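One structure is given here, and the rest of the page talks about it.
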Amino acid sequence: MARRYDPERRQRIIDAAIRVVGAKGIAGLSHRSAAAEADVPLGSTTYHFKTLDELLVAALRQANEGFAKVVASRGGLEDPRTDLAAELAAWMGEWLAGDRTGVELEYELYLAALRRPALRPVAAEWAEGVAELLSRHTDPVTARALVAVVDGICLQVLLTGVPYDEGYARGVLGRVLAGAGGGGG
């Protein structure tokens, strides 16, 4: 029997892995669970992703696109006069108001890098990419500090269940930016 050409199979496996992690956590992900969820033979998952870490890297890369889409859709960083604290606070509000499961999944994959070194470069890519965007409006050190604050606020909202407070976020981010303006760059 000839092999069936299926150019979307790799993507279906990644999507399935994201669904499995969303439902069962990273501990519930295996080549077998991804194959079952994608409705593909087990050999397809190991063909496209030799290791589970390779599959997790692909899933994290795709998950990282969620925040990037929010940033791109707003377009607020194109104007050099943008109130950066307000723009970042609005980004977070839009992102956190979206699919909560998706946001939690992104952070679960992101934090998995603590135990899975293969994920660290992808997690770093996200932070570096956002810092690079912010560096157009402030110095690189402040941009990295803003990324850390964004991460911290998002994690607090996700972990505590406290509703996101855009005014609070804008105020905290504004303090970081004001400190940078006082010679902190």
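What the table below lists for this structure:
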item: Residues of region 9-80: accessible area per residue with a 1.4 Å probe, Å²; result: 50
item: Estimated D of the chain in µm² per second, where Rh is the Kirkwood radius over Cα pairs and Stokes-Einstein applies at 25 °C, 0.890 mPa s; result: 138
item: Cα→Cβ-extended label distance, 7 Å offset, between R115 and A86, nm; result: 4.3
item: Per residue accessible area in Å² of region 83-185, where ligands, DNA and RNA are left out and the probe is 1.4 Å; result: 50
item: Point-charge dipole on Cβ atoms (K/R +1, D/E -1) for region 47-185, about Cα centre, debye to 20; result: 260
item: Residue-span extension gain [Y168 to A27] - 0.36 nm each, minus C-alpha spacing; result: 47.3 nm
item: Radius, Kirkwood style, for region 40-87 when every pair of distinct Cα atoms is counted (Å); result: 13.5
item: Sites Y5 and E125 - FRET efficiency at Förster radius 25 Å, r taken between beta-carbons, to 0.05; result: 0.20
item: Degrees separating the helix 120-134 axis from the principal Cα axis of the chain, which is the longest one; result: 30
item: Spin-label zone in region 115-134 - amide nitrogen under 20 Å from a point set 7 Å from the Cα of A72 along the C-beta vector; result: 122-134
item: Region 81-185 - percent of accessible surface contributed by carbon and sulfur, probe 1.4 Å; result: 56
item: 10 Å Cβ shell holding at most 16 others, DSSP loop, trypsin sites (Lys or Arg not before Pro): longest site-free stretch of the chain; result: 137-185
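The values are calculated or read from the model by the stated rules, or taken from the named source; none is laboratory data. Only a predicted model underlies this, so the values are computations on that prediction, with no experimental measurement involved. With ideal geometry, Cβ positions are generated from the backbone for all residues, glycine too; neighbour counts draw on all protein chains shown. Remember, those area values only see protein heavy atoms, side chains included, never the ligands or the DNA or RNA. Shrake-Rupley method; radii C 1.70, N 1.55, O 1.52, S 1.80 Å.
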